[in-house]
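Trainee: My questions all concern the structure below.
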Amino acid sequence: MATLTDNPLLSAGALEALIRSGGEPDWLAEERRAALRTFDATPWPTERDEAWRYSDLKRFAVDGLEPTDGPDDDAVSDRIRMRMTDSDAEGILVHKNGRTIERQLAVREAGVLVTDLRTAVTEHEDLVREHLYAAVDAHAGKYHALNAAFWRDGTFVYVPKNVEVELPLGAFTSADRGGLSMGRTLIVVEDNAKVTFLDEYTSDTFDARLFHGAVTELVLGPGAKVRYLALQNWGRNVAHMQRVAAKLDRDARLESLTVSVGGDAARAEVESTMQGPGSESEMLGLYFGDEGQHFDQFTVQHHEADHAFSDVLFKGAVRDASHSVYSGVIIVDEGAQKTDAYQTNRNLLLDDDSEAVSIPQLQIGANDVRCSHGSTTGPVPEDQRFYLMSRGMPPEVAEHLLVTGFLYEVMSRVTLPKAAEYVERVVQAKLGVPGVKEKL
């Protein structure tokens, strides 16, 4: 059985030093201390825990890793600089090893706030205090408590009532060395407001191992509309764990896309809670593993209110002895009548050495609902591969067409054309399409 060990560097003394370094208010310091107590009292997950039953736990270990306290320098990598130029975003932050190193903010809409989370704690304390830790329970598990106690920086976005932010906002999280890094994003969108946010995690490969823990909290007021994209494209020596959780009020709508293509191992936990009648959540996911990568996906569609809608579509491909896990659950509370919820997971196996595990689940407490779930896992149909190759296509080109066609169902539902094009290029680079990798 795989086991994880505690890290002596994650001590009360280390936490107090972090609190002092940021000059944090008493309420936040107490939240961090309470999270550390939960972290110390909570055992690491094991393979006996259903949520971690098929995970490679050793690859998510944090023992021996020293918490990062900033980068070696404030240089923005050429890769991120190019992405910033190409994104058309009007508000961008760049985080590196737990510190915000650059801000490009040209938000035109009145009252919209975009800043790093440490600054927000000082300058917009009431807003942050009201919503921080509201969507992701700091005491729900070992990794939740770890992030809640030791996050160093992150992004804060606030969109006031009836304001629509026309162009996307975004943040790039990067690293130039190994260690233990924790970041947090808080996005608050009030009544009938609208925003698009892109979270990208990327780095070159460096010598030492990095564990990055990310938490994103999305708070949607009545009638709010949010598009959120998380793209994980770390270097190969990184273990990445991200929790994305949204609270949706009456008639709010969320469109989310979670992409996992980089790193050594990654776990994406995506949860939407429909708290208000008429709320809608569309949760898309895409993953492509090669060269022994390990990807976990875990989704929750929690219907607390009646007449709400949710739809999950996660699709992935694995090759080169890679491993993927998808586990998802639709939860319908007793009073959530007229719920409309769907959950679909599809997996493509590109060789005999790779494995994909899929576990869809339903927990239904109401009697007037429409819910369905389904999953498929299988190899590339040999007749399709043979057909393409018989028309003169080399094997690698045939595989490229089959994989991109398989993933197209997800990409066709992404309503951000530039983001969809970039994700497609990342997948093409992994497939070895000539000339693509140099453009990333």
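Trainee: Residues in segment 78-96: is at least one part of a loop (DSSP other than H, G, I, E, B), on the phi > 0 side of the Ramachandran plot, assigned by TED's automatic domain parsing to the domain that holds residue 20 and not aromatic (Phe, Trp, Tyr)?
Mentor: Yes, segment 78-96 contains at least one residue that is part of a loop (DSSP other than H, G, I, E, B), on the phi > 0 side of the Ramachandran plot, assigned by TED's automatic domain parsing to the domain that holds residue 20 and not aromatic (Phe, Trp, Tyr).
Trainee: Go through segment 371-392 residue by residue and tally those that are among the basic types (Lys, Arg) and not in a helix (DSSP H, G or I).
Mentor: The qualifying residues number 1.
Trainee: Pairs under 8 Å by beta carbon, first residue at positive phi and assigned by TED's automatic domain parsing to the domain that holds residue 42 in segment 128-140, partner crowded, with 22+ Cβ neighbours inside 10 Å and not charged (D, E, K, R), six or more apart or different chains?
Mentor: Partner pairs satisfying both residue conditions: 133/148.
Trainee: Follow-up question, since we're still on this one. Output yes when any residue across segment 315-336 is aromatic (Phe, Trp, Tyr), in contact with a Lys or Arg (Cβ under 8 Å, 6 or more places away or on another chain) and either touching a residue at least 60 places away in the same chain (Cβ under 8 Å) or crowded, with 24+ Cβ neighbours inside 10 Å (or both), and no when none is.
Mentor: The answer is no; no qualifying residue exists.
Trainee: Which residues, counting only those in segment 219-236, are in contact with a Ser or Thr (Cβ under 6 Å, 6 or more places away or on another chain) and either surrounded by 21 or more Cβ atoms within 10 Å (Cβ to Cβ) or modelled with pLDDT under 95 (or both)?
Mentor: Listed by number, the residues that qualify are 228, 230, 232, 233, 234, 235, 236.
Trainee: Right, here's the next one. Among the residues in segment 31-53, are any β-branched (Val, Ile, Thr), touching a residue at least 12 places away in the same chain (Cβ under 8 Å), over 28 Å from residue 234 (Cα atoms) and assigned to a helix (DSSP H, G or I)?
Mentor: Yes, segment 31-53 contains at least one residue that is β-branched (Val, Ile, Thr), touching a residue at least 12 places away in the same chain (Cβ under 8 Å), over 28 Å from residue 234 (Cα atoms) and assigned to a helix (DSSP H, G or I).
Trainee: Report yes if some residue within segment 356-372 is within 23 Å of residue 288 (Cα to Cα), at pLDDT 95 or above and touching a Lys or Arg at 6+ places or on another chain (Cβ under 6 Å); otherwise report no.
Mentor: No, the conditions are met nowhere in segment 356-372.
Trainee: Hand me the list of strands (runs of 3 or more DSSP E) wholly inside segment 197-305 holding 1 or more residues that are closer than 19 Å to residue 58 by Cα, among the β-branched types (Val, Ile, Thr) and touching a helix residue (DSSP H, G or I) at 6+ places or on another chain (Cβ under 6 Å).
Mentor: Qualifying strands (runs of 3 or more DSSP E): none found.
Trainee: Looking at the structure I just gave you, is residue 370 surrounded by fewer than 11 Cβ atoms within 10 Å (Cβ to Cβ), more than 30 Å from the chain's Cα centre (by Cα) and farther than 16 Å from residue 317 by Cβ?
Mentor: Answer is no for this residue.
Trainee: A further question on this structure: I need a count of the residues in segment 137-170 that are surrounded by fewer than 24 Cβ atoms within 10 Å (Cβ to Cβ) and among the small types (Gly, Ala, Ser).
Mentor: Qualifying residue count for the region: 4.
Trainee: Go through the residues of segment 404-413 one by one and say whether even a single one is loosely packed, with under 12 Cβ neighbours inside 10 Å and more than 25 Å from residue 260 (Cβ to Cβ).
Mentor: No; the residues of segment 404-413 include none that is loosely packed, with under 12 Cβ neighbours inside 10 Å and more than 25 Å from residue 260 (Cβ to Cβ).
The values are calculated or read from the model by the stated rules, or taken from the named source; none is laboratory data. Being a predicted model, the structure only gives us computed values, none of them experimental. Neighbour counts are summed over all protein chains in view; Cβ atoms, including those assigned to glycine, are modelled from backbone coordinates with ideal geometry.
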